[in-house]
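Step one of this worksheet: look at the structure below.
No lab work stands behind these numbers, since they all come straight from the coordinates. What you see is a predicted model; the values in this text were computed from it and never measured. Positions of Cβ are generated from backbone atoms using ideal geometry, with glycine treated the same way; all protein chains shown enter the neighbour counts.
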Amino acid sequence: MLKRSFSTKALAILALTGVVEFTSLTTAMANDTPQLVGLKQSPKITSSVLTPYNIVETAQNESIFSTLIVALKATGLDKTLSNKNTQFTFFAPTDDAFRKLPVGTLENLLKPENKAALTKILTYHVVSKPLNAGAVLKMKLIGTVEGSNLAVSTKEGNPFVNDSQITKTNIYATNGVIHVIDTVLMPND
C-alpha cells in the first residue's frame, strides 16, 4: 500500500483513471489532507474516497442510497445536486436511516402533494459549500440550504450532526463532498 500525500491535482488525475481510497474515518476526520493508502478498481464507498462522478451519480452507484435517490428525484433536487457549476456538502442518509422513520412517514412524504415538505427535509441535509470532515468538526453550527443550522458534536469519539452519526466521511464528488449519516435529519417546523 502507498502511504504518502498527493496534491489535489494528482488526486483528480488518479480519480479519472480509477477510484482512490484514502485513510480510515478517524484519520480523515483528524486531517484535512487525505493520505493515499491504496487503489482499487471499483470499491464500494468507504471513508475518504475521490470519485469521478457528481454527488447524485456517486450516490446512485451505491445500493445503500436507493431510497435517497427516489426522494431526490421526487423533489427535483437530483438535478440541483448534479450541477457541475456548484459545490455542496451533502449529509447523505442511508436506506437504513430512512427505515428509522415512523411507519408511513416516507410513503407520505413521497406523495406529490407533500413535495414541499420533502424538499424542506432534503435541503436540510445540504450545505452550499464543500466542507471536508476536518472543516465540519471545527464548526459548532453549519447553515443548510433549507435555512436552519445543523449542530456538530462528538460523542464518545464519534462525529454527529444533530442526533445523526456521521459514519463515513469525505466522499469527494466532482461537485462537492458527501458525508454518510445514519439518521434522517428533520428540520424544526
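See the values below:
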quantity	calculated
Residue-wise HN-Hα coupling along the stretch 66-77, computed from phi with Karplus coefficients 6.51, -1.76, 1.60 (Hz; x: Gly, Pro)	4, 5, 4, 4, 4, 5, 4, 5, 5, 9, x, 5
Distance between modelled label sites at Ser63 and Leu141, nm, 7 Å Cα→Cβ extension	4.1 nm
Spatial separation of Cα centroids for the stretch 143-160 and the stretch 49-121, in angstrom	18 Å
Spin-label model distance (nm) - Glu107 vs Asn158, 7 Å beyond Cα toward Cβ	3.0 nm
Beta bridges per DSSP with both ends in the stretch 55-181, % antiparallel, nearest 5	75 percent
For Leu131, distant residues with modelled amide H under 5 Å away	Thr89, Val177
By average C-beta atoms within 10 angstrom, highest first, the peptides 106-112, 68-74, 175-181	175-181, 68-74, 106-112
Integer Hz, Karplus 6.51/-1.76/1.60 couplings in order for the stretch 157-173, x for Gly and Pro	x, 9, x, 9, 10, 6, 9, 9, 6, 7, 9, 9, 10, 6, 8, 7, 9
Whole-angstrom Cα spans of the stretch 135-189 along principal axes, big to small	32, 29, 21
Cα gyration tensor shape for the stretch 82-183, rounded if a/c is under 1.5, else prolate or oblate	oblate
Restraint check, Lys111/Lys168; Lys84/Lys129; Lys73/Lys120, Cα-Cα greater than 22 Å	Lys111/Lys168
